[in-house]
Structures are given as C-alpha cells and as structure tokens.
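The values are calculated or read from the model by the stated rules, or taken from the named source; none is laboratory data. All values derive from a computational prediction rather than experimental measurement. Methodologically, a virtual Cβ is constructed for each residue, glycine included, from the backbone with ideal geometry; neighbour enumeration extends over all protein chains shown.
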Amino acid sequence: MTKRIIGLTGGIATGKTTVANYLADVYHLPILDADIYAREAVSVGSPILNAIARRYGQEILLSDGSLNRQKLGEIIFSNPAQRHWVESLIHPYVRDRFFQEIAVSSAQTLVLVVPLLFEVQMTDLITESWVVSCSAQQQLERLMQRNNLTIEQAKVRIKSQMPIEKKAERADVVLENNSTLTALLQQVDAALARISTK
C-alpha cells in the first residue's frame, strides 16, 4: 500500500499550524515541517549559515553565532534576487530532509507542512495538496498581530508568496479559515476521510 502524503500549505498566517497541530494531536499523524528543516539548515556552524555570513557579513549573525532572522528578513523580503539566492541554499536541504523522513517512516499517512509547496515545486513529494485559505484582510490582521509587524511589513511578506487564490486553484483540498475554529476543523475531518483520487 502506497503512503498517503498530504502537502499542507497556504499563505503566511492563514492557519497552517492550527491544522497541523490538530492532525498531530487528534489523528496522531507524523508532521514533517519545512520551517523546522529550514532552521536546521542555518544552525550555528552549518555550511549554509557560513555561506550567508560570507555574503552579508558578520552583522547577519547574533552574538551567539546564530542567524539574525530579523536582519535577514529585512534583506530578502525587499529584494527578490537576494531571497532567491538564500532559498537556493535552503530548499535543497529541506527537500533532502523530507526524503529521509518519508523513507524511514512506517506511517501510512504523513503530513508535510510546506509554506512554499507550489513556489519551489515540491509537489512531487506528495500525493495530495491541502491549502488553508482566508480572506486577504484576515491574513493581514493575523500576520500583523502574530509577528508584531507594521501593515507595510506584513504586506511585503504576503506579496513575497504566491497569491492564495492561485494556491487554491492548484489544491486538491481547500480549507476555508474565515470563520470559527470548529468550522475549520470540521473541514479537516472531512478532507482526511475522503479517499485520495491519485
């Protein structure tokens, strides 16, 4: 029996973590998170972090040698070419980690949380894609509140990703996160119960 591998994605601050936590807590599904692997990729002393420091200087590092994420964010979110360079280092590492974890997992259903699932062409790793969607206004407000950003900072981060409407068009399942938590989780239950058509 082939594994069912769900690619969970969506825009920034649309509710991916809420869905992933629910799938882990209630259904006990393994959650493989691209953001965790991306943090691993730039851990202190890693070749990728060293390459970033060579490009942007030692001021990109905090006093303990770890990455100054806020400073890097200011660079890459305002400059697509710089963002592409950083992502070209991190994304192959993340893809390799997914391959490793899928290969060793005995679970029949796994969830890959990949914010840039479509942007970085990682759909070959999955058997179906789920997109968590909400209104543009809700997304903006949630992101500003969660990350303590100005409206301009939040808009730049949202704009750096594929529009949520385009992600929804490519998805096998769209989870609408516009109302209550209960309504969202009921959609998750229904999506998990459906038989994958692939």
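Go through (1) among the hydroxyl-bearing types (Ser, Thr, Tyr); (2) surrounded by 17 or more Cβ atoms within 10 Å (Cβ to Cβ); (3) over 17 Å from the mean Cα position of the chain (by Cα) and name the single condition Ser129 misses.
Result: Ser129 fails condition (3) only.
Return yes when Ser46 is among the small types (Gly, Ala, Ser), touching an Asp or Glu at 6+ places or on another chain (Cβ under 9 Å), modelled with pLDDT of 95 or more and not assigned by TED's automatic domain parsing to the domain that holds Ser160 and no when it is not.
yes
Which of the residues belonging to segment 75-86 are out of contact with any helix residue (DSSP H, G or I) (no Cβ under 7 Å at 6 or more places or on another chain) and either assigned to a helix (DSSP H, G or I) or within 29 Å of Val188 (Cβ to Cβ) (or both)?
Pro80, Ala81, His84, Trp85
If you check Ile31, Ile60, which single one turns out to be under 21 Å from Met122 (Cβ atoms) and surrounded by 13 or more Cβ atoms within 10 Å (Cβ to Cβ)?
Going through Ile31, Ile60 in turn, just one is under 21 Å from Met122 (Cβ atoms) and surrounded by 13 or more Cβ atoms within 10 Å (Cβ to Cβ): Ile31.
Give the residue that is modelled with the highest pLDDT, with candidates limited to residues of segment 1-17 that are under 18 Å from Thr123 (Cβ atoms) and part of a loop (DSSP other than H, G, I, E, B).
Residue satisfying both the conditions and the ranking: Lys3.
Only one of Leu116, Leu184 is surrounded by 14 or more Cβ atoms within 10 Å (Cβ to Cβ), assigned to a loop (DSSP other than H, G, I, E, B) and of a type in the set (A, V, I, L, M, F, W, C); which?
Leu116
Could you tell me which of the residues Leu175, Leu89 is touching a residue at least 60 places away in the same chain (Cβ under 8 Å) and either hydrophobic (A, V, I, L, M, F, W, C) or assigned to a helix (DSSP H, G or I) (or both)?
Just one listed residue meets the conditions, Leu175.
Taking interchain pairs and intrachain pairs at least six residues apart, which have beta carbon atoms under 9 angstrom, with the first residue in segment 158-169 and within 14 Å of Ser129 (Cα to Cα) and the second in a helix (DSSP H, G or I)?
Sorted first by the residue in segment 158-169, then by its partner, the pairs are Ile164/Ala136; Ile164/Gln139; Ile164/Ile158.
Run down Val44, Val131 and say which single residue is in contact (Cβ under 8 Å) with a residue 24 or more places away in the chain and of a type outside the set (Ser, Thr, Tyr).
After applying the criteria, what remains is Val131.
Of (1) among the aliphatic types (A, V, I, L, M); (2) in a helix (DSSP H, G or I); (3) in contact with a strand residue (DSSP E or B) (Cβ under 9 Å, 6 or more places away or on another chain), Leu140 satisfies all except one. Which?
Condition (3) is where Leu140 drops out.
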